[in-house]
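Engineer: My questions all concern the structure below.
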Amino acid sequence: MIRIVIAEDQGMLLGAMNSLLNLEDDMEVVGLAKNGEEAIELVHELKPDICIMDIEMPVKTGLDAAEELRENTTCKIIILTTFARPGYFERARKAGVRGYLLKDSPIEELVHSIRVIMDGRRIYAPELVDFVYEDESENPLTERESQVLELVAKGKTTKEIAAELYLSAGTVRNYISTILDKLGVGNRIEAISRFKEKGWNK
């Protein structure tokens, strides 16, 4: 069971998210907070797996709370906000936030993101990733990472890539995980798509 704390200062939205997430068979909302200070207290007290936080909250913002929790908990933080601002996004990334989603996303997207984040991935709203790469024409991947992604794009399995590059399967998986993080995407298909979109596969 994935244990969740939600921090949101709009009561109606807080109640709606609480009800909708509790409908999922593998999720349980264990605590509700109305500001960042309460969120920090609940995370320490209840030790949830995930904490979903708004940014603009009284007493302490979601980003302040995320920065404070980074060193003191294994709880994975998801920022859910109306603000698609690059400055906020950069700060969230530096605070180790695992997800940054926009409030106009469907609830199914949030549910999917929670499960993906529990599997060790990061999920960022595409609009925000575009901000990050707007002025970046350089390929952020190393030569070996690019090589691995190109083989993934050809439909090769982890074992086949490992054999071709004389690596262990574990090393290939680590490369793929790093690639997803660097490109700010949730899966291999999105990584291939972004790589080709930017022309880095040439």
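The values are calculated or read from the model by the stated rules, or taken from the named source; none is laboratory data. All of these numbers come straight from a predicted model, not from anything done at the bench. Please note: Cβ atoms are built from the backbone with ideal geometry, for glycine as well, and neighbour counts cover all protein chains shown. What goes into the accessible areas is simple: the full protein's heavy atoms, side chains included, and nothing from ligands, DNA or RNA. Shrake-Rupley method; radii C 1.70, N 1.55, O 1.52, S 1.80 Å.
Engineer: Exactly one of (1) open to solvent by 60 Å² or more (accessible area, probe 1.4 Å); (2) assigned to a loop (DSSP other than H, G, I, E, B) is unmet by Gly199. Its number?
Structural biologist: Gly199 satisfies all of (1) open to solvent by 60 Å² or more (accessible area, probe 1.4 Å); (2) assigned to a loop (DSSP other than H, G, I, E, B) except (1).
Engineer: Please work out which one of (1) under 18 Å from the mean Cα position of the chain (by Cα); (2) in a helix (DSSP H, G or I); (3) buried (at least 19 other Cβ atoms within 10 Å of the Cβ) is the condition Asn174 fails and give its number.
Structural biologist: (3)
Engineer: Looking at Lys182, is it in contact (Cβ under 8 Å) with a residue 24 or more places away in the chain and either part of a helix (DSSP H, G or I) or open to solvent by less than 70 Å² (accessible area, probe 1.4 Å) (or both)?
Structural biologist: So Lys182 fits the description; yes.
Engineer: Would you be able to say whether some residue in the stretch 125-143 is at pLDDT 85 or above, within 15 Å of the chain's Cα centre (by Cα) and in a loop (DSSP other than H, G, I, E, B)?
Structural biologist: No, the conditions are met nowhere in the stretch 125-143.
Engineer: Moving to a separate point now. List the helices (runs of 4 or more DSSP H) that sit entirely inside the stretch 1-86 and contain at least 1 residues that are in contact with a helix residue (DSSP H, G or I) (Cβ under 6 Å, 6 or more places away or on another chain) and open to solvent by 50 Å² or more (accessible area, probe 1.4 Å).
Structural biologist: 11-22, 62-70
Table: residues versus (1) among the aliphatic types (A, V, I, L, M); (2) at pLDDT 85 or above.
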| site | (1), (2) |
| --- | --- |
| Arg85 | no, no |
| Tyr100 | no, yes |
| Glu108 | no, yes |
| Met118 | yes, yes |
| Gln147 | no, yes |
